[in-house]
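Asks: Please see the structure below; I have some questions.
No lab work stands behind these numbers, since they all come straight from the coordinates. Note that the structure is a prediction, hence the values are computed from the model and not measured. All Cβ positions, even for glycine, are placed from backbone atoms using ideal geometry, and neighbour counts span all protein chains on display.
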Amino acid sequence: SQQGEEDPQALSIQEGENATMNCSYKTSINNLQWYRQNSGRGLVHLILIRSNEREKHSGRLRVTLDTSKKSSSLLITASRAADTASYFCATVGTYKYIFGTGTRLKVLA
Amino acid sequence: DGGITQSPKYLFRKEGQNVTLSCEQNLNHDAMYWYRQDPGQGLRLIYYSQIVNDFQKGDIAEGYSVSREKKESFPLTVTSAQKNPTAFYLCASSMYRDKGAANYGYTFGSGTRLTVV
């Protein structure tokens, strides 16, 4: 099965609400990255958190990493309609990236 | 502007036909990658190249071929041996190779949607 598994598979929220999505993985990692993909487009790198970090912020994004539970979460605060996209985690070992199946986020205006 | 350009955006292939997807980058990145994306699945690595004139198979290389004659270009050929080629194909690059690539993330192109007709 995939190294990274996102949860939930799909999420629908109202504009202004917070969105939380989770990623679980199986083996040890060097770092974990989150990407966004708008429909029919390529992926855009959002944020990278290293294995020795517990939390990282970038604008309205907050990422946490719990290596003991082999899980990460991505929080998008004060969501906007433009945040509607699929979000993928990528776990990175020595140098190989493994992408999860993604969370489809829909933000309703 | 620097970036990765994939072409064409849409491609239709007849049964038994080989087709080539283009990927060009002007970021001066060392490493380039090809991924396949199917609905409801994550990205799966087809081939990658860390340096000119060298490339390695990824997890699903059967039915595909690549070349890396120039640093800027990494075309992917989908051969007739690929039995289920309909998918969204993504090209990516990273500034560094190996462990360096792990620390800086990938830059992706906009993708090519391939459909068998």
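Asks: Can you tell me the alpha carbon radius of gyration of segment A:64-109 divided by the globular rule-of-thumb value 2.2 N^0.38 Å? Write down the numbers at each step before the final one.
Replies: Working: Rg = 13.1 Å, N = 46, 2.2 N^0.38 = 9.4 Å.
After normalising by residue count via 2.2 N^0.38 Å, the value is 1.39.
Asks: Further question on the same structure: If we sort B:63-74, A:26-37, B:3-14 on the protection proxy, mean other Cβ atoms within 10 Å, highest first, what's the order?
Replies: Numbers: B:63-74: 17.2, A:26-37: 19.7, B:3-14: 14.5.
Packing proxy ranking, top to bottom: A:26-37, B:63-74, B:3-14.
Asks: Another question, if that's okay. Per residue of A:86-94, count partner chain C-beta atoms within 10 Å of its C-beta, then hand back the mean as an integer.
Replies: Details: counts 0, 0, 3, 1, 4, 0, 5, 1, 3.
Mean partner-chain Cβ count within 10 Å for A:86-94: 2.
Asks: To one decimal place, what orientation-averaged projected area in nm² is obtained for the convex hull of the Cα set of chain B?
Replies: Average of the hull's projected areas for chain B equals 7.0 nm².
Asks: Sticking with this one: So which residue, out of B:Tyr96, B:Tyr33, B:Tyr48, gets the largest mean-square fluctuation from a GNM of chain B using Cα contacts under 10 Å as springs?
Replies: B:Tyr96
Asks: Can you compute 3J(HN,Hα) from phi for each residue in segment B:10-25, using the Karplus curve 6.51 cos²θ - 1.76 cosθ + 1.60 with θ = phi - 60°, rounded to whole Hz and x for Gly and Pro?
Replies: Result, ordered by residue: 10, 9, 10, 10, 8, 4, x, 9, 8, 9, 10, 9, 9, 9, 10, 10 Hz.
Asks: A further question follows. ³J(HN,Hα) across segment B:75-86 via Karplus (A = 6.51, B = -1.76, C = 1.60, θ = phi - 60°), whole Hz, x for Gly/Pro?
Replies: Each residue's phi maps through the Karplus curve to give x, 10, 9, 9, 8, 5, 6, 7, 7, 9, x, 5 Hz.
Asks: Taking H as built 1.01 Å from N, whose amide H comes closer than 5 Å to the amide H of B:Ala87, not counting residues under 5 places away?
Replies: Amide H to amide H, under 5 Å and 5 or more residues apart or across chains, B:Ala87 pairs with B:Leu114.
Asks: What are the ³J(HN,Hα) couplings of segment B:45-60, residue after residue, when phi is run through the Karplus curve with 6.51, -1.76, 1.60 and θ = phi - 60°? Round to Hz, x for glycine and proline.
Replies: Karplus values, whole Hz, x for Gly and Pro: 7, 9, 8, 9, 9, 9, 7, 4, 6, 9, 7, 10, 6, x, 7, 9.
Asks: For the cross-link pairs A:Lys96/B:Lys71; A:Lys56/A:Lys96; A:Lys70/B:Lys57, which exceed 24 Å when the distance is taken from alpha carbon to alpha carbon?
Replies: Exceeds cut-off: A:Lys70/B:Lys57.
Asks: Also, quick follow-up: Please compute the average number of Cβ atoms from other chains found within 10 Å of each residue's Cβ in peptide B:39-50.
Replies: Across the residues of B:39-50, the mean count of other-chain Cβ atoms within 10 Å is 4.
Asks: Averaging over all projection directions, find the projected area of the Cα convex hull of the protein assembly as shown and quote it in nm² with one decimal place.
Replies: 12.3 nm²
Asks: Computed over the Cα atoms, what is the radius of gyration of segment A:1-93 divided by 2.2 N^0.38 Å, N being its residue count?
Replies: Cα Rg divided by the expected 2.2 N^0.38 Å: 1.04.
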